[in-house]
Amino acid sequence: MSGASPAEYISHHIQNLTYGEHQDGTWGFAHTAQEAAQMGFVAINVDTMFWSLFTGILFCCLFRVAAANASIGSPSKWQLCVELVVEMVWGSVKDAFTGKNAIIAPLSLTIFVWIFLMNLMDLVPVDFIPYATQLAGLSHMKMVPTTDVNATFGMSLSIFALMIYYGIKMKGIGGFAAELAFHPFGKAFLPVNLILESVSMIAKPLSLSLRLFGNMFAGELVFVLIAALVPFYLQFILAVPWAIFHILVITLQAYIFMMLTIVYLGQAHEVHH
């Protein structure tokens, strides 16, 4: 965005490429944040969808390569890296999940690696992809899906649905309802219990989504601010230390989301007598 003011530059880089219905009834891409907001619930953030699918497919391909070329005698460096990640996830599941469910470990591995790859897109220079897509005729392009609250909230809602599903499956509808109605203060305080337990349940997907979104959006915003406000010849001095520190944030946020998923699903499998 040559010639743009810092405010315009920042606004452009934090806006998604949104497709939906305009107020005049036509369908197309939004050119401003106001247009995107007016499109309502049916609008789709195309860049979030694209990069989410891209990183998901990349995850499958990378791990497929490691599995197809696995060797006991002379493992490759990539195989050792994949095995290290798998062992870390498996150890976390064994430590935090006390139930029996064969899907928890693969789910946790998928969550950790997929979120890590989505977060990792934040290390791509902020102008590289937006400039390339502008040449292709697209007005906006955000590369980091986890900086879109729609993506993080969608993932957390999936975990929330699994919590309810396994809670009912393991405890029955009656047992699941009893936990909401009779804990923590017993039957005499049923209304209070319902309020407290309902708030606690709703807070879980909210905290999952907003924690990941907030940390990643803040990290991306720092890169955008450096590019918008700092002279070009000084950007490297500021951006590189922040990128090195941000690698820790990228990994930590993926790990936290995975661990909370394991804990929440472990709680759903617990049967109280």
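The values are calculated or read from the model by the stated rules, or taken from the named source; none is laboratory data. None of these values were measured; they are calculated from a predicted model. Cβ: placed from backbone, ideal geometry, glycine included. Neighbour counts: every protein chain shown.
For the stretch 184-196, a tally of residues being at pLDDT 85 or above and not aliphatic (A, V, I, L, M) returns 0. Given the condition under 17 Å from the mean Cα position of the chain (by Cα), closer than 30 Å to S71 by Cβ and of a type outside the set (V, I, T), answer yes or no: does some residue in the stretch 141-157 qualify? No, the stretch 141-157 contains no residue that is under 17 Å from the mean Cα position of the chain (by Cα), closer than 30 Å to S71 by Cβ and of a type outside the set (V, I, T). Among the residues of the stretch 165-211, the ones that are closer than 16 Å to L265 by Cα and among the basic types (K, R) come to 3 in all. Scan the stretch 168-182 residue by residue and report those that are closer than 13 Å to M201 by Cβ and touching a His at 6+ places or on another chain (Cβ under 8 Å). Hit for the stretch 168-182 is E179, nothing else. Residue count for the stretch 224-237 under the criterion of being surrounded by fewer than 16 Cβ atoms within 10 Å (Cβ to Cβ), assigned to a helix (DSSP H, G or I) and among the aliphatic types (A, V, I, L, M): the result is 3. For N215, the conditions (1) surrounded by fewer than 17 Cβ atoms within 10 Å (Cβ to Cβ); (2) closer than 28 Å to D95 by Cβ; (3) polar (S, T, N, Q) all hold with the exception of (1).
Among the residues making up the stretch 219-273, a single one is in contact with an Asp or Glu (Cβ under 8 Å, 6 or more places away or on another chain), among the hydrophobic types (A, V, I, L, M, F, W, C) and closer than 30 Å to L162 by Cα: I250.
Look through A243, A268 and report the one residue that is of a type in the set (G, A, S) and either closer than 29 Å to M141 by Cβ or free of Cβ contacts under 8 Å to residues at least 40 places away in the same chain (or both).
Criteria check complete, one pass: A243.
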